[in-house]
Amino acid sequence: MRKLFAAMKKETLLLLRDRIGLGILFIMPMVLIFVMTLIQDAAFRTLSEQGIPILLINEDQDSLGFKIEHGMRTAGICELHTTINGEPAKEEQVAEAVRQGKYLIAIVVPEGATAALRMRVSDMLESSLGSTSEAAKVDMKEIRLVIDPVASKSFVTSVTSSLREFITSVKTQLMFQTFNEQIGLLVPEGSDYTPAEYDGTLAIGYKEEYASELAGSKTPNAVQHNVPAWTIFAMFFIVIPVVGSVMKEKSEGSVFRFHIIPASYFLQINAKLLVFTGVCMVQFVLMMSIGLFFLPMLGLPVLDLGNSISGVLIVALATSMAAGAYGVLVGTLAGTQQQGAILGSLSILILSALGGIWVPAYIMPDTLRTISEFSPLNWSLNGFYSLFLRGEGLAGVWPHVLKLLAFFLVCLGFTTWINQRRTQR
Amino acid sequence: MESKAIIEVSDLKKQYHEADAPAVNGISFSIRENEIFGLLGPNGAGKTTTISMMCGLVKATSGNIRLMGQDLQTSFRNLKMHLGIVPQDIALYPSLTGRENLEFYGAMYGVEKKILRQRIDQWLEKMEMGSSANRRVESYSGGMKRRINLIAGILHEPKVLFLDEPTVGVDVQSRSTIIAHLRELNAQGMTVIYTSHHLEEAEKFCTEVAIIDQGNLLAQGEAQALVKAHNCSDLEGLFLKLTHKAQRN
């Protein structure tokens, strides 16, 4: 045990004296969390709270135009503008305004759109009631959408879906009104026929339900997503200092002594892992505290750790162990410090991309989604999501924790095997 | 009375995968207890490979090494405690102080804390390193690093000490200090096995030498006796006579 403590003391001293390494370990991840959360929060807000700027030109000035204007204003998917530089917007200005990036989409509701719709409805009813009068030809009116090419397909789809819904709603209302008028014409005078009021409520609606109790009350936001994701990324980046530590011992000759001292190399590895796991846990606590205390100071939501602090700590510990063991393996495999640094950083970037740190795994193509299930960063992220978003407890994180621990053991096993082979060459 | 052999090397061979010729080509010799044994040879002669096999760092392709009467291969774990090594390259942590390095290596050998502290102080004093012991190794001169490198290999008081060119690149003062203390250790009963390019130093320091070249043992015996037997004026003359003057890579 004394040997282990001596090796841990040595590792701690080496770490404390490497100021750049400490910077990489603590300052960089904190900056990363701040920057990524703020950036992604802006994106979240753009989509949900502040809204994307959309320009509407209502040349219709009738039911459809007003319905679209009111609907877009209240739907919460955009920030609706009807003027450019304080002046009522004109159709000929929209293309230039969108090109300049002032608006992501411009919607032009043409003059007479409601009249055309009304006429079309009237024709349809007359035709179905067997009227013989010749229907006037109705010109088709088009709602013009001018779209900035940077607009995401999904956002454009959500806007067109909303427009379709508004058109259908107005059309239904017009049909009801026209139908009432036609009935009124058919009912003899003196009868007590009273036209029914249009009731816009739907017979079939929909209800959003989340697969867990917690998620129903907590909307996923930039903090809930980014703090665990970038914390995992930073924790796995401990691979770089671990690789550096292993490689330095190789290049500075200490490994040479380890082979002949009566203490196994495994002990040195264990000491390294214990110290770096401790560092990872400190990193974790610091980064969680950013989500809990510092991000709210910038107007961001407070990080919610869910219902199981022990679950959070267990996932963090398993992640730390997996990251440390992976670092030791990369350091053992690499021939030079440069090789180790490149292999370590690139592999973490790839594993994080695959693991859903950068973009959620569910939007990846099938093949990548399958591959993502083999990324330890994905296991860790899912562990935290189970706690932070799905409201699960300790039982919910075990599958992820066990995968991380298995990864830790595999890395350690490989490291030991490679070392044994190299020692006796 | 002649002392018994502490190391017996028989038909030792090492063939590296990537090399055409064997680094060590079936050499046999023995080293008596309490000897200062010099393993001499030009660059690439096989000295470091031989010494690495003798202290268990490199596995021999064939042959046998017996250390303190035990087979090195099978009893390496038990023998480790009795071996000390001072590698050619400085094997220290540059960002730790000299004392911290010594405390770490001493602890790895399981030397009891109090005894370790005493030995460290004692050796730092002997090596005239007391005042700089708490400075980081990276700030040391080449000679200071060599001296700490030596202390790190002897804190556990091994029975056999392997030194691979311990005085390379150091000034005369440091070399003199190192040699003087190695003599002292030898006087206390430690067997010293040493490689060097300093033939004059080896001639004065070693009780017995072996000259190897291209993996073959060319001569072994007491330095002066070998010089006389080959009609040479000194060890350098003998060395050149046996290994020839062609440049080595």
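Every read-out reported here was derived from the displayed coordinates using simple, explicitly stated rules and does not represent laboratory data. Everything numeric in this text was worked out from a predicted model, so none of it was measured. Please note: Cβ atoms are built from the backbone with ideal geometry, for glycine as well, and neighbour counts cover all protein chains shown.
Taking 26 Å as the cut-off for C-alpha to C-alpha distance, list the pairs among A:K10/B:K114; A:K403/B:K59; A:K102/A:K171; A:K250/B:K80 that go past it. Exceeds cut-off: A:K403/B:K59; A:K102/A:K171. Between B:H197 and A:T12, the distance separating the two model label sites (each 7 Å from Cα on the Cα→Cβ line) works out to 4.3 nm.
The GNM of chain A, with springs linking C-alpha atoms under 10 angstrom apart, assigns the highest mean-square fluctuation among A:F155, A:F237, A:F34 to A:F155. Couplings for the range A:386-391, taken from phi via the Karplus curve 6.51 cos²θ - 1.76 cosθ + 1.60 with θ = phi - 60°, read 4, 7, 7, 10, 8, x Hz in order; Gly and Pro are left as x. Label-to-label distance, A:A75 versus B:D89, with points set 7 angstrom from Cα along the beta-carbon direction: 6.6 nm. The range A:1-44 to the range A:223-254: how many Å between their Cα centroids? Each part reduced to its Cα centre gives a spacing of 8 Å. Using alpha-carbon positions, what is the distance between the centroids of the range A:275-307 and the range B:171-249, in Å? One Cα centre to the other: 64 Å. Listed values for the range A:167-182 are Karplus-derived 3J(HN,Hα) couplings in whole Hz (6.51 cos²θ - 1.76 cosθ + 1.60, θ = phi - 60°), namely 4, 4, 4, 5, 4, 4, 4, 5, 4, 5, 5, 5, 4, 4, 4, 5, and x replaces Gly and Pro. Converting phi to 3J(HN,Hα) with the Karplus coefficients 6.51, -1.76 and 1.60 and the offset θ = phi - 60°, the range B:207-216 yields 8, 8, 10, 10, 10, 10, 8, 6, x, 10 Hz in sequence order, with x at every glycine or proline. From the P(r) of the range B:29-174, could you give the percentage of C-alpha pairs in the tail past 18 Å? Value for the range B:29-174: 60 percent of Cα pairs lie more than 18 Å apart.
Charge dipole (Cα centre; +1 on Lys/Arg Cβ, -1 on Asp/Glu Cβ; no other charges) of the range A:326-425 amounts to roughly 380 debye. Can you give the angle from 0 to 90° between the axis of helix A:222-236 and the longest principal axis of chain A, with both taken from C-alpha atoms, to the nearest 10? Here the helix axis deviates by roughly 20 degrees. Among the listed pairs A:K248/B:K145; A:K3/A:K272; B:K4/B:K126, those whose Cα-Cα separation exceeds 21 Å are B:K4/B:K126. Less than 5 angstrom separates the built amide H of B:V24 from those of B:K14, all sequence-distant by 5 or more or on a different chain.
Per-residue mean of foreign Cβ neighbours for A:104-110 is 0 (Cβ atoms of other chains, 10 Å radius). In terms of other Cβ atoms within 10 Å, B:M81, A:M287 run from fewest to most in the order B:M81, A:M287. Largest GNM mean-square fluctuation among A:V150, A:V330, A:V242, using chain A with Cα springs under 10 Å: A:V150. Taking amide H as placed 1.01 Å from N in the peptide plane, A:L56 has its amide H under 5 Å from the amide H of A:H81, A:T82, A:I107, each at least 5 places away in sequence or on another chain. Comparing A:V312, A:P296, A:G244 along the charge dipole axis of the range A:216-324, the residue lying farthest to the positive side is A:G244, per the Cβ-charge model. Mean projection of the Cα convex hull over all viewing directions, computed for chain A: 30.2 nm². Pop the C-beta distance of A:L333 and B:N216 into the FRET formula with R0 = 30 Å and round what comes out to the nearest 0.05. E between A:L333 and B:N216, to the nearest 0.05, is 0.25.
Quickly estimate the mean residue ellipticity at 222 nm for chain B, helices only: each DSSP H run with n ≥ 4 gives -39500 (n - 2.57), and the total goes over all residues, rounded to 500.
The helix contribution divided over chain B gives -11000 deg cm²/dmol.
Within the same chain, aspartates and glutamates fewer than 8 places from B:K241 are excluded, and of the rest, those with a Cα less than 20 Å from its Cα are B:E200, B:E201, B:E203, B:E208, B:D213, B:E222.
Computed extension length for A:V302-A:D139: 53.2 nm, one decimal, from 0.36 nm per residue of separation with the Cα-Cα distance subtracted. Close amide H contacts of B:I212 (hydrogens built in the peptide plane, cut-off under 5 Å, sequence separation of 5 or more or a different chain): B:L40, B:G41, B:L218. Rounded to the nearest 10 degrees, the angle from helix A:2-16 to the longest Cα principal axis of chain A is 50 degrees. What is the antiparallel percent of DSSP beta bridges lying wholly in the protein assembly as shown, to the nearest 5? Expressed as a percentage, antiparallel bridges in the protein assembly as shown total about 50.
Inter-chain neighbour count for A:14-20: the average number of beta-carbon atoms from partner chains within 10 Å of each residue's beta-carbon is 2. Shielding by partners for peptide B:78-90, expressed as the average number of C-beta atoms from other protein chains within 10 Å of each residue's C-beta, is 3. Computed about the Cα centre, the dipole magnitude for the protein assembly as shown is approximately 3720 debye when only Lys and Arg (+1) and Asp and Glu (-1) carry charge, each at its Cβ. Each peptide among B:41-49, A:81-89 gets the average number of other Cβ atoms lying within 10 Å of its residues, and from highest to lowest they stand as B:41-49, A:81-89. Compute the signed sum of charges (Lys and Arg +1, Asp and Glu -1) over the other residues within less than 14 Å, Cβ to Cβ, of A:Q338. Within the 14 Å Cβ shell, the charges total +2. Seen against the Cα atoms of chain A and their longest principal axis, helix A:394-423 is set at about 40 degrees.
Its Cα centre serving as origin, chain B has a Cβ charge dipole (Lys and Arg +1, Asp and Glu -1) of approximately 480 debye. Name the residue farthest towards the positive end of the dipole of the protein assembly as shown from the options B:L79, A:L174, A:I84, assuming +1 on Cβ of Lys and Arg, -1 on Cβ of Asp and Glu, about the Cα centre. Toward the positive end, the furthest listed residue is B:L79. Neighbour counts of C-beta atoms inside 10 Å place A:W379, A:W398, B:W123 in the sequence A:W398, B:W123, A:W379, starting with the fewest. Between A:L349 and B:T61, the FRET efficiency estimated from the beta carbon spacing at R0 = 25 angstrom works out to 0.05.
Fewest-first ordering of A:L16, A:L186 by other beta carbons within 10 Å of each residue's beta carbon gives A:L186, A:L16.
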